[in-house]
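Undergrad: Structure in structure tokens, see below.
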Amino acid sequence: MKNTLLGKTLEELQGICLDLKLPKFAGKQIADWIYLKGVSDINSMTNLSLNARQTLSENFEVGLIPPVEEHHSDDGTSKYLYKYHDNVFVETVMIPDKSRVTLCVSTQVGCKMGCEFCATGKQGFNRNLNAGEIINLVRTLPEFEDLNNIVYMGMGEPFDNYKEVVKSIEILTSDWGFAMSPRRITVSTSGIIPQMIDFIYETQCHLAISMHNPFHKERQEIMPIEKKYPIEDVCDEIRKHNWYGQRRVSFEYIVFKGKNNTYDHAKEISYLLRGIETRVNLIRYHSTPDTALEGASDEEIQRFQEELEGFGLITTIRASKGEDILAACGLLSTKKIMEENRE
Ligand code: SAH
Ligand code: SF4
């Protein structure tokens, strides 16, 4: 397999040109072709000399790989499944909402974090996606021209693949790349503290933290990462930064039936989040195979929202879109792996 141009920064593209004895300015031309224009073939880069295109083709390919499957839901949500060179499956979800078009991207094939409720976690870890493979998910989206929001909430833990994730953000936000505002990008984490701190300093993107339970003992049972990085420490770290400006931090909270939605949970959440300008997003659980966990009913979720609001917390209930096409994290690729294993 040849090295891909997709996923390279402008500086790297310029370096590649110099290595191949091509003019440095060809690097910017290549960036325009792959990011702005989205060409899939080096031969289409018509402002490069024939010699440059040939030399480049001998060593590189663009690396655009279209989805192998798409599923469209009645509510407008679409789910795309990709198969990469080593036969791994990766998914994205496109969620339209009035003038907002959001894409949920994956960062790993599988995940090491092993959360009890998560289909990706149950797959175990296969490998990291590189920046080019992450950017491919964005650039090949049929709705690319309308895209104005990206959330890193698909398969995998972004901060367990920090370098490639931050590089993909550089490509999304640079003038020579997609020139997106970092305020249009949200990265969700289960709470890996060292990389979370780096992320706060090195990017301007929004941050979402998967809490799901405020109590150390209880959170450990569903999220093994709690043993190493307790949610209390995560919140203490978040409190050290200023979130009053345009940059946001939010907390994700799946409401499980009979597990994490009592008055005491609400009270403890408000204690953990004291002094942090934030909001809590309550999420309906998409049930996954092989777990005893169940989602709470809509009434229970609403009651819990009122409880949290009683403690002064801004709380939203995330509209559950795309349930009929298995929109939750890792469900579609899990189904695909199971199908292929049966064949
Ligand atoms: N690894 C990161 C980002 C990917 S998961 C993280 O955990 O934050 C994105 C969000 O989907 C997380 O809040 C995660 O807890 C949630 N999630 C995972 N499985 C889910 C399911 N079956 N139903 C609803 N939300 C789920
Ligand atoms: Fe990994 Fe996030 Fe799933 Fe946990 S919820 S297993 S961290 S993808």
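The values are calculated or read from the model by the stated rules, or taken from the named source; none is laboratory data. These numbers were taken from a predicted model, which means no experiment stands behind them. Every residue, glycine as well, gets a Cβ built from its backbone with ideal geometry; the counts of neighbours run over all protein chains shown. Note: areas computed on protein heavy atoms with side chains; ligands, DNA, RNA excluded. Shrake-Rupley method; radii C 1.70, N 1.55, O 1.52, S 1.80 Å.
Undergrad: Any residue in region 176-190 that is over 23 Å from Gln14 (Cβ atoms) and within 16 Å of ligand 1 (Cβ to nearest atom) sitting within a Cβ distance under 8 Å of a residue that is in a helix (DSSP H, G or I) and aliphatic (A, V, I, L, M)? List the pairs, counting only those 6 or more apart or interchain.
TA: Sorted first by the residue in region 176-190, then by its partner, the pairs are Ile185/Ile169; Ile185/Leu172; Val187/Val165; Val187/Ile169; Thr189/Met196; Ser190/Ile225.
Undergrad: Sticking with this one: Residue by residue through region 293-343, note down the ones that are within 14 Å of ligand 1 (Cβ to nearest atom), assigned to a loop (DSSP other than H, G, I, E, B) and at pLDDT 90 or above.
TA: Across region 293-343, the qualifying residues are Leu293, Glu294, Ala296.
Undergrad: Does any residue in region 259-286 that is in contact (Cβ under 8 Å) with a residue 12 or more places away in the chain come within less than 8 Å, Cβ to Cβ, of a residue that is open to solvent by less than 10 Å² (accessible area, probe 1.4 Å) and small (Gly, Ala, Ser) six or more places away or on a different chain, and which pairs are these?
TA: Asn281/Ala208
Undergrad: In region 125-160, how many are under 16 Å from Leu64 (Cβ atoms) and of a type in the set (S, T, N, Q)?
TA: Total meeting the criteria: 3.
Undergrad: Out of all the residues in region 110-130, which are away from ligand 1 (no atom under 11 Å from the Cβ), at negative phi and more than 12 Å from the chain's Cα centre (by Cα)?
TA: Gln123, Phe125, Asn126, Arg127, Asn128, Asn130 - these are the residues of region 110-130 that are away from ligand 1 (no atom under 11 Å from the Cβ), at negative phi and more than 12 Å from the chain's Cα centre (by Cα).
Undergrad: In addition: Given the conditions (1) farther than 28 Å from Ile171 by Cβ; (2) under 22 Å from the mean Cα position of the chain (by Cα); (3) open to solvent by less than 60 Å² (accessible area, probe 1.4 Å), which single one is not true for Arg279?
TA: (3)
Undergrad: Could you grab me the full set of residues in region 216-235 that are more than 16 Å from ligand 2 (Cβ to nearest atom) and open to solvent by less than 60 Å² (accessible area, probe 1.4 Å)?
TA: Correct list: Cys235 only.
Undergrad: Does region 55-70 contain any residue that is assigned to a helix (DSSP H, G or I) and open to solvent by less than 10 Å² (accessible area, probe 1.4 Å)?
TA: Yes, region 55-70 contains at least one residue that is assigned to a helix (DSSP H, G or I) and open to solvent by less than 10 Å² (accessible area, probe 1.4 Å).
Undergrad: With the requirement that a residue be in a loop (DSSP other than H, G, I, E, B) and surrounded by 14 or more Cβ atoms within 10 Å (Cβ to Cβ), what does region 24-38 give you?
TA: Once the filter is applied, which keeps residues that are in a loop (DSSP other than H, G, I, E, B) and surrounded by 14 or more Cβ atoms within 10 Å (Cβ to Cβ), region 24-38 yields only Gly38.
Undergrad: Given (1) open to solvent by 30 Å² or more (accessible area, probe 1.4 Å); (2) at pLDDT 95 or above, where does Asn242 come up short, assuming only one miss?
TA: (2)
Undergrad: Next up: Could you go through region 257-265 and let me know if any residue there is in a helix (DSSP H, G or I) and surrounded by fewer than 18 Cβ atoms within 10 Å (Cβ to Cβ).
TA: Yes, there is a match, as at least one residue in region 257-265 is in a helix (DSSP H, G or I) and surrounded by fewer than 18 Cβ atoms within 10 Å (Cβ to Cβ).
Undergrad: Can you report the number of residues in region 102-146 which are within 12 Å of ligand 2 (Cβ to nearest atom) and either open to solvent by 40 Å² or more (accessible area, probe 1.4 Å) or among the hydroxyl-bearing types (Ser, Thr, Tyr) (or both)?
TA: Here the count works out to 8.
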